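In what follows, a structure is listed as structure tokens, so that the remarks can point back to it.
The values are calculated or read from the model by the stated rules, or taken from the named source; none is laboratory data. All values derive from a computational prediction rather than experimental measurement. In this analysis, Cβ positions are derived from the backbone assuming ideal geometry, glycine residues included, and neighbour counts consider all displayed protein chains. Just so you know, the surface numbers come from the protein's heavy atoms only, side chains and all, with ligands and any DNA or RNA stripped out. Shrake-Rupley method; radii C 1.70, N 1.55, O 1.52, S 1.80 Å.
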Amino acid sequence: MLTNSQKNELIRAAVEVRDWAYVPYSRFKVGAALLSKTGRVFTGCNFENASFGAGVCAERVALGNAISAGETEFVAIAVCGDDKPTPPCGICRQSLVEFGEIIVYCADSIGEKVTEFTLRELLPVSFEFASKNP
């Protein structure tokens, strides 16, 4: 469980990185901040491409940044989008669940409206390899 200070800092980081999103097609900016078990925060923003499938969501950018730094255990992620709390998309939910159960804070663009979920609440039935479920 995160303290209010940790939660607010994570949401603030997601709000800040959201400004860097490259979204010339949808105009839908998303920022994400992922907290590792070691206390490090990794951020990411979404980016689009004229070849729509080449774009990447903010959550997976943050996840890639964390993995690139050697982190694979996470506590929480904050995601912020537009005028209402924005949850991760299905692909991002599946990408995150690979690394276990984490808290998901879904926030609006300024971090004032926040809803909290567990990853399992957002993705109750995920694809998992049999080796993870003995």
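Some values worked out for this structure:
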| item | result |
| --- | --- |
| Long-range neighbours under 9 Å by Cβ, at least six apart or interchain, first residue more than 17 Å from residue 117 (Cβ to Cβ) within the stretch 7-18, second open to solvent by less than 20 Å² (accessible area, probe 1.4 Å) and in a helix (DSSP H, G or I) | 17/58; 17/62; 18/58 |
| Single condition residue 63 does not satisfy, out of (1) in contact with a Phe, Trp or Tyr (Cβ under 9 Å, 6 or more places away or on another chain); (2) touching a residue at least 40 places away in the same chain (Cβ under 8 Å); (3) among the hydrophobic types (A, V, I, L, M, F, W, C) | (2) |
| Residues of the stretch 99-109 satisfying the condition of being more than 15 Å from residue 34 (Cβ to Cβ) and without any contact (Cβ under 8 Å) to a residue 40 or more places away in the chain | 108 |
| Of all residues making up the stretch 110-126, the number that are over 25 Å from residue 72 (Cβ atoms), in contact (Cβ under 8 Å) with a residue 24 or more places away in the chain and either open to solvent by 30 Å² or more (accessible area, probe 1.4 Å) or not in a loop (DSSP other than H, G, I, E, B) (or both) | 4 |
| Residues that are under 15 Å from residue 102 (Cβ atoms) and at pLDDT 95 or above, drawn from the stretch 1-34 | 6, 7, 10, 11, 14, 32, 33, 34 |
| Residue within the stretch 26-34 that is open to solvent by 60 Å² or more (accessible area, probe 1.4 Å) and in contact with a Ser or Thr (Cβ under 9 Å, 6 or more places away or on another chain) present | yes |
| Residues that are closer than 16 Å to residue 25 by Cα and within 10 Å of the chain's Cα centre (by Cα), drawn from the stretch 41-86 | 45, 57, 58 |
| Positions within the stretch 84-98 being part of a loop (DSSP other than H, G, I, E, B), touching a Leu at 6+ places or on another chain (Cβ under 8 Å) and open to solvent by 50 Å² or more (accessible area, probe 1.4 Å), in sequence order | 87 |
| Conditions (1) part of a helix (DSSP H, G or I); (2) more than 20 Å from residue 19 (Cα to Cα); number of the one not met by residue 61 | (2) |
| Residue selected from the stretch 91-134 under the condition at pLDDT 95 or above and among the small types (Gly, Ala, Ser), by the criterion farthest from residue 7 (Cα to Cα) | 95 |
| The stretch 35-83, subset among the acidic types (Asp, Glu) and modelled with pLDDT of 95 or more, residue surrounded by the fewest Cβ atoms within 10 Å (Cβ to Cβ) | 73 |
